[in-house]
1. Kindly list, by first and then second residue, each pair from a residue in region 307-331 that is more than 23 Å from L343 (Cα to Cα) to a residue that is outside any helix (DSSP H, G or I) and modelled with pLDDT under 90, limited to pairs with Cβ atoms under 9 Å and residues at least 6 apart or on different chains.
2. Are any residues in region 301-330 farther than 13 Å from Y268 by Cα and in contact with a helix residue (DSSP H, G or I) (Cβ under 7 Å, 6 or more places away or on another chain), and if so, which ones?
3. Only one of (1) at pLDDT below 90; (2) under 24 Å from A260 (Cα atoms); (3) touching a Ser or Thr at 6+ places or on another chain (Cβ under 8 Å) fails for G142. Which number is that?
4. Can you pull out every residue in region 136-159 that is open to solvent by 30 Å² or more (accessible area, probe 1.4 Å), assigned to a helix (DSSP H, G or I) and either among the hydrophobic types (A, V, I, L, M, F, W, C) or within 14 Å of V34 (Cβ to Cβ) (or both)?
5. Restricting the search to region 126-171, which residues are of a type in the set (S, T, Y) and more than 19 Å from the chain's Cα centre (by Cα)?
6. How many residues does region 111-122 contain that are over 26 Å from the mean Cα position of the chain (by Cα) and either surrounded by 12 or more Cβ atoms within 10 Å (Cβ to Cβ) or in a helix (DSSP H, G or I) (or both)?
7. F221 passes all but one of (1) assigned to a helix (DSSP H, G or I); (2) within 19 Å of the chain's Cα centre (by Cα); which number fails?
Amino acid sequence: WPSIIFRKYLAKKSKTFRFAFCSTASIVLISTLVLGLGLIHLLNKWIFLLVFYGSLLVSIFYNWKPNGKAESNIFRYFHGTYGSKLLILRGFKGIKNWLGTHFKSFFKYNKNHILEYMVLMVVTIFGVCYFSYAAFQNNCYGTSDMYVHHSWVYGLMEGKIFYAGVYPEAMHCVIYAMHEVSGVRAYSIMLFLGGINTAAFMIAIYCFLKEIFRWRFSAIFTLFGFLCVDVLSINAISSMSRLQWTLPQEFGFPAMFLCATYLLRFLYAKDPEIIGKKKILQYLKDENLFIFLLALATTIACHFYTTIMAFFICVPIALSLLTQVFRRKKLCGLIIASIAGVLLAVAPMGLALAEGIPFQGSIGWAMGVIQDSKEENEDTQLEDDSTQQDIQLETNTDEM
């Protein structure tokens, strides 16, 4: 969807940029659209499809450059002066020429990376098969959390956002969009989306590791080692098994690594040129900073834990390039992008809270755990101080 709507913007961009843009912008745009319609109580199938397909058609016809020969043939066909067999033949010939031109162009500009891309494709397909295997063997949800998230998707189908309270709902919005656009049951989407999302997850890791390793095959061998590791710890087995389930935290994993990837790219790149008065908008014209913004917003929109993990990946990068971070133009750009990314993701949640929708129970539970931990630490500190005073008093008594 974004690759068609923004094809003019993406035309001269790198493959990594296009992947990063499409995998983050689609989530941000769809979740903002669904939640926005829900906030004004206009969320239903037909309005959503009107906006979705309407934007697609407007984009296609707005940038359409008519070919006089093709239009003439179609016009003649409808007037009965042009045979259907000849029209189909010419159509297939045009498609064949178009594919041939694009394949030649691809091989011309990527001839040094063909082997790398083939190996990456094999590893990615293996990962998708590996993490989808259980869904084919047992056609049921693998964890009780999936039933809860399914009910929230069903709430969106009824026009109710934040069905159980305010909670990051990007994954639920995307599943809702997939269901309405394709007609596939939400149950089937949730059953297999976890394994399919592994492809985006692995390619995002590949993009991140490609920025770190010098040898181009190191990133692929790392992915291969990840898929072949034999884990014995129950915690490691549990974390691996979660990748086959459709859960918000794992759904946001690709954006987590893209956030770190484009932070690295931004810090290594030259300082952005800032000219004129509209400095904020000019900072966001930097393509690396723009993807960092979208990836950050995606992690927040998917799950808060994903944002925390992205933070712990980005902090070592920032510390290792501290001199670059504190360059005036770099630091200002990072601050602006971070604030914009956070606002973009939390705005629908904030508006829902303003409408009177409470937080979902697990968020209250998390806040309670933090609060209880603080109280327990304070109680423990008081007990330790009291114990220390008792020991000191006993020692003094013994000495006397």
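The values are calculated or read from the model by the stated rules, or taken from the named source; none is laboratory data. Everything numeric here is computed off the predicted structure, so don't read it as measured data. We place every Cβ from the backbone using ideal geometry, glycine too, and count neighbours over all the protein chains shown. Heads up: the accessible areas ignore ligands, DNA and RNA and are worked out on the full protein's heavy atoms, side chains in. Shrake-Rupley method; radii C 1.70, N 1.55, O 1.52, S 1.80 Å.
1. Final answer for the pair search is R327/D271.
2. A301, C302, H303, Y305, T306, T307, M309, A310, I313, C314 - these are the residues of region 301-330 that are farther than 13 Å from Y268 by Cα and in contact with a helix residue (DSSP H, G or I) (Cβ under 7 Å, 6 or more places away or on another chain).
3. Only one criterion in (1) at pLDDT below 90; (2) under 24 Å from A260 (Cα atoms); (3) touching a Ser or Thr at 6+ places or on another chain (Cβ under 8 Å) is unmet by G142, namely (2).
4. Matches in region 136-159: F136, V148, Y154, M157.
5. Y130, S132, Y133, Y141, T143, S144, Y147, S151, Y154, Y163, listed by residue number.
6. Final tally of qualifying residues: 2.
7. (2)
This table checks each residue for (1) without any contact (Cβ under 8 Å) to a residue 60 or more places away in the chain; (2) of a type in the set (K, R); (3) outside any helix (DSSP H, G or I).
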{"position": "S3", "(1), (2), (3)": "yes, no, no"}
{"position": "K12", "(1), (2), (3)": "yes, yes, yes"}
{"position": "F19", "(1), (2), (3)": "no, no, no"}
{"position": "S23", "(1), (2), (3)": "no, no, no"}
{"position": "S26", "(1), (2), (3)": "no, no, no"}
{"position": "L35", "(1), (2), (3)": "no, no, no"}
{"position": "G38", "(1), (2), (3)": "no, no, no"}
{"position": "W46", "(1), (2), (3)": "yes, no, no"}
